[in-house]
Amino acid sequence: MNYAIEVKNLSKSYGEVKAIENISFSIRNGEFFGLLGENGAGKSTTIECILGTKRQDKGNVSILGMQTKEKRAEIFDKVGVQFQESNYQEKIKVNELCEVTTSLYKDTLDYNELLKQFNLLDKSNSMVNELSGGQRQRLFIVLALIPNPEVIFFDELTTGLDTKARRDVWKRLSSLKNDKISILLTSHYMEEVNTLCDRIMILKNGRSVFCGTIEEAIKASPCDNFEDTYLWFTNEEEKNEII
């Protein structure tokens, strides 16, 4: 089977602090995969090691069958990314930011068509810092789609949004499943994960404590709903890894 992402025995430490330890998982082509855990559990470090923006201490990572250490340029053109801390210059228009993003890649989608698809075309000449929270998050999806990617990383995409804006973003993300795009996302919203993700991994203190479907997670716990299941996995003091 061809995988969009393969991670084997990934570990990263900062001094004596083990940020992630022996993490392994794979994401199928066209699959939405949720990486879950409390703040500091190792989610962002995992993503950064997968992308190669941080060097792992050990383990192997591949994206679309290519080793991230050896094929960073080729991978760059096939991957879209939205980090939790997305900072842009204060005074830049939406269309200018899209133009700059387009210039970084070889094979891009028409950003005007994307803006239209995500109901942002009328904001094309607006400053990015003038957008509402929901409009800004939809713009981040557009920016991640401009490279015409096969894989997208979303790190806490809907943090800070109200319920209506968050669900609008979910609707837009769900539409990407029809395009067979693989997505790795992190989130603290269990309803979001339940709505979008085909499978999940739960991290605790840098280790995997569960990997599988949401239904499998519930069955492996004494709980009858996903939110309680997630809390059970992350709060349990001693829990063997379940893969």
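The values are calculated or read from the model by the stated rules, or taken from the named source; none is laboratory data. The structure displayed is predicted, hence computed values, not measured ones. All Cβ positions, glycine included, derive from the backbone under ideal geometry; neighbour counts span all protein chains shown.
Per-structure values
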read-out	value
Checklist (1) touching a residue at least 12 places away in the same chain (Cβ under 8 Å); (2) surrounded by 16 or more Cβ atoms within 10 Å (Cβ to Cβ); (3) more than 25 Å from S187 (Cα to Cα) applied to T102, failing item	(2)
Residue match in region 63-72 (condition: farther than 26 Å from S103 by Cβ, in the same structural domain as K204 (by TED's automatic domain parsing), touching a residue at least 12 places away in the same chain (Cβ under 8 Å) and of a type outside the set (D, E, K, R))	yes
Of all residues making up region 58-71, the number that are closer than 22 Å to L203 by Cα and either touching a His at 6+ places or on another chain (Cβ under 8 Å) or loosely packed, with under 14 Cβ neighbours inside 10 Å (or both)	1
Residue match in region 72-89 (condition: surrounded by fewer than 14 Cβ atoms within 10 Å (Cβ to Cβ) and touching an Asp or Glu at 6+ places or on another chain (Cβ under 9 Å))	yes
Residues of region 110-142 that turn out to be touching a residue at least 12 places away in the same chain (Cβ under 8 Å) and within 20 Å of the chain's Cα centre (by Cα), as a count	11
Members of region 88-106 that are of a type in the set (A, V, I, L, M, F, W, C) and part of a loop (DSSP other than H, G, I, E, B)	I92, L104
Residue list for region 201-222, filter: part of a strand (DSSP E or B) and at negative phi	M201, I202, L203, K204, R207, S208, V209, F210, C211
Considering residues of region 1-22 that are among the acidic types (D, E) and within 20 Å of the chain's Cα centre (by Cα) only, the residue nearest to T45 (Cα to Cα)	E21
Selected residue (criterion: surrounded by the most Cβ atoms within 10 Å (Cβ to Cβ)) from residues of region 175-186 that are modelled with pLDDT under 85 and under 24 Å from T46 (Cα atoms)	L176
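Residues checked against (1) at pLDDT 90 or above; (2) surrounded by fewer than 22 Cβ atoms within 10 Å (Cβ to Cβ):
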{"position": "G160", "(1), (2)": "no, yes"}
{"position": "A220", "(1), (2)": "yes, yes"}
{"position": "Y230", "(1), (2)": "yes, no"}
{"position": "K239", "(1), (2)": "no, yes"}
